[in-house]
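The values are calculated or read from the model by the stated rules, or taken from the named source; none is laboratory data. Here the structure is a predicted model, which is why all the values come from computation and not from measurement. Neighbour counts are summed over all protein chains in view; Cβ atoms, including those assigned to glycine, are modelled from backbone coordinates with ideal geometry.
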Amino acid sequence: MNTFQDLGLNDDLLRAITDIGFITPSDVQAKAIPILLEQDTDLVALAQTGTGKTAAFGFPMLQKINIESRTTQGLILSPTRELCLQITNELKNYGKYCKGFNVAAIYGGASISDQAREVKRGAQIIVATPGRMKDMINRNMVDISKIEYAVLDEADEMLNMGFYEDITDILSHSPKDKNTWLFSATMPKEVSNIAKKFMNSPVEITVGNKNESTNQVSHEYYLVNSRDRYQALKRLADANPDIFSVIFCRTKRDTQKVAEQLIEDGYSAGALHGDLSQNQRDMVMNSFRKNQIQMLVATDVAARGIDVDNITHVINYQLPDEIETYTHRSGRTGRAGKTGVSIVIVSKSELRKIKSIERIINKSFVRKDIPDGMEICEVQLMSLANKIHTTEINPEIEKYLTSINELFEDTSKDELIQKFFSVEFTRFFNYYNKSKNLSVPESRGSDRDGDSGRDFGRSFGGNDDSSRYFINVGKKDGYDWMSLKDFLKEILELGRDDVFKVDVKDSFSFFNTEKGLQEKVLAFFNDYKHNGRFVNVEVSQDQGGATSRNKRRSGGGGRRSDGDFKPRGERRSGGDFKSSGRRSSDASRPRRSGDSSGPNRRDRRAGVAEKSGEASFSRPRQSRR
């Protein structure tokens, strides 16, 4: 099938398709639309983000519902407000020639009574986020007892966000004989379970392989020291002057911090995370869609509604906790037939995760080095030259030519060009001249084989430049390796990769840091109490993890059992002890300044820096103090 006419769509939809500019259906559209039009069946469709899944279920639903009826006949559940609004707008475009068609968007952060009135006016299709939809059903504001079609869009994302119970409750109010269409980028066990529970012998179609990344995206990784991660990010941005990217961080705090640093250093950046108000999120997304922001720093949850076709790069500033999430991140680029690049900045502790991701996405990563200063200078110089070469001449400048020619009367062409470009080139040259090499070599044996699940590439004891510590909290205090790592880096004000090799036992645990941080760690935990209980940290003296304290108690030799160790202070339950820490790291330490130079005016409202629009080097900048 080469055209939409071949898929069996009616004339009203084909007219809308012509207006939109669709020419040939994507693979998922070519496979799903004929099945959904010709059969009353359940469907599971696996296809990557950006492959046209909305049209794949939107066109069949529009053609099969009764436009003349004001009854709600179709329900589409999506994980985020942004995606909900995006689907709603696309359906309105698809059904622009379907007289009497109405679609209502139901989502949090807006008036629930206004949304209820929109539904009662006769919405044949409702697009909703699970939380708000469940709320409106419980208030009897929405009736889905007669729907014929239910769509779970981005099903894996909804389940990752904890919407399983909401989805279960919502679908329990719908007819059992409806058709359920499930669309997902990946197929984890939870999605399989929901398909078995709510679907009857579904037809399954797969575009590519399950969890596989699209061929439109290339994958690269850059190996740096943890402390150089932000500088590496800046160099990658400087090496791509026309970058239009989404930068993924693991936490809301890191997202805000990275965005603020980029803005201070003169980059057109913005933050998108759950702590922003809905109005702030809308401002940031509108600026990003208008290319007023070149670098959008986001958490995975906040980015799940982003649908922008011309994103050039996805940068994984930090790898996600769930490896499958990488598929969704990389799917933000390489959309609508365009190519894109997914970049991962990794330290040695994360290196072997690359191999695990390669197995998941069925693609290979290319190892690249962070560009050096002179490479960046050359790229920026030629970028500026190309912009000038292709700039259309403003006829108004002609009135000033006489004065300009007189000024440069004794200047040769070569000298004039050199002077002109030196205005910008000198700034970059002075910044990057004698700059250090940020790339680090892969250590011997780090062949990226194997995957233990966390903190790869570090030796366990004292054979590297790290210190290993004992801490008197463990599983009985409610911790696993990830939550303890987050707790330690929070209270110690360390980066994500500064705490590694976290090993949690029942009543105590072990962790590593670089040796240079040992004095700071021990000083912090000197007589440190939390909720009236001493938290004790000591340096482990052997690779097995036995502490000097345990050795003294046992007369040397091996590590004692959990029951032999008696920590200082009264043991508390996990619920009493576990906390985000005693200090606010953002408030208690001075902001690290950027290391770039050059002036620029910035607007920081809602985390947005407006682009100046001038044809010049876009970076780097000096931090203001």
Only residues that are touching a helix residue (DSSP H, G or I) at 6+ places or on another chain (Cβ under 8 Å) and under 18 Å from K96 (Cβ atoms): list them for the range 20-51, please.
-> I20, F22
Run down T299, T255 and say which single residue is buried (at least 18 other Cβ atoms within 10 Å of the Cβ), under 28 Å from S435 (Cα atoms), without any contact (Cβ under 8 Å) to a residue 60 or more places away in the chain and within 17 Å of the chain's Cα centre (by Cα).
-> T255
Could you look through the range 481-532, keep only residues that are farther than 19 Å from P320 by Cβ and of a type in the set (K, R), and pick out the one that is surrounded by the fewest Cβ atoms within 10 Å (Cβ to Cβ)?
-> K529
Of all residues in the range 200-218 being surrounded by 20 or more Cβ atoms within 10 Å (Cβ to Cβ) and touching an Asp or Glu at 6+ places or on another chain (Cβ under 8 Å), the one that is modelled with the lowest pLDDT = N211
Filtering the range 101-114 down to residues that are crowded, with 21+ Cβ neighbours inside 10 Å and either of a type in the set (D, E) or over 23 Å from L13 (Cα atoms) (or both), which residue is modelled with the lowest pLDDT?
-> Y107
List the pairs whose first member sits in the range 55-74 and is of a type in the set (S, T, N, Q), whose second member is surrounded by fewer than 19 Cβ atoms within 10 Å (Cβ to Cβ), and whose Cβ atoms are under 6 Å apart, counting only residues at least 6 apart or on separate chains?
-> Q63/N10; T71/K146
Within the range 332-373, which residues are modelled with pLDDT under 85 and either under 30 Å from N430 (Cβ atoms) or hydrophobic (A, V, I, L, M, F, W, C) (or both)?
-> A336, L351, I360, I361
Among residues of the range 360-379, those that are within 20 Å of the chain's Cα centre (by Cα) and basic (K, R), counted | 1
Just one of H313, H389 is modelled with pLDDT of 85 or more and closer than 30 Å to N215 by Cβ; which is it?
-> H313
Mind counting the residues in the range 31-53 that are among the β-branched types (V, I, T) and either out of contact with any Leu (no Cβ under 9 Å at 6 or more places or on another chain) or crowded, with 23+ Cβ neighbours inside 10 Å (or both)?
-> 4
